[in-house]
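Just below is one structure, and these are the notes that go with it.
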Amino acid sequence: MVKKFTLLSLVLLCFSVEFITAQANSNNQAPKINVILSNKNLGGPKRPKAPSRQQILCIYENEHLNLSFAIAEGECQLTVTDMTTGFARQYVFDSSADAAINVGTLTQAHIEISTANGHEYEGWLGME
């Protein structure tokens, strides 16, 4: 009887330690921040066009920008300007696959993407 009680106590202790560890890890995760990118070339009076079917998913999480294009546009140049320091960094990636680009810690940033197809997109992080 004592062995069963000891074994049951040990199992319960292991589960409680695992639960506390899982809670601590979930509290340390950085939040995901969605960045809305819009087409830069939509200014001025022009004749009406059909809306683009292009959708770009841009999420900032754990010092990375995760980018996913609905329609591939070839090689892209990404420019990230940190608005607190004014420092701009450029990266190159291919839009045919999902990209995870390490951009470091950002609180406020301007994001620009130029594609091989000649399209330009921009968005803001932390400045909605």
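The values are calculated or read from the model by the stated rules, or taken from the named source; none is laboratory data. Computed from a predicted structure; not experimentally measured. Every residue, glycine as well, gets a Cβ built from its backbone with ideal geometry; the counts of neighbours run over all protein chains shown. Ligands, DNA and RNA are excluded from the accessible area calculation, which covers all protein heavy atoms including side chains. Shrake-Rupley method; radii C 1.70, N 1.55, O 1.52, S 1.80 Å.
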### Query
In the range 71-99, which residues are open to solvent by 70 Å² or more (accessible area, probe 1.4 Å) and over 22 Å from Met127 (Cβ atoms)?
Ile71, Glu75, Val92, Asp94, Ser96, Asp98
### Task
Filter the range 99-128 for residues that are more than 20 Å from Asn62 (Cα to Cα) and touching a Phe, Trp or Tyr at 6+ places or on another chain (Cβ under 7 Å) and give the result.
Ile113
### Query
For the subset of the range 109-128 comprising residues that are in contact with a strand residue (DSSP E or B) (Cβ under 9 Å, 6 or more places away or on another chain) and in a loop (DSSP other than H, G, I, E, B), which member is surrounded by the fewest Cβ atoms within 10 Å (Cβ to Cβ)?
Met127
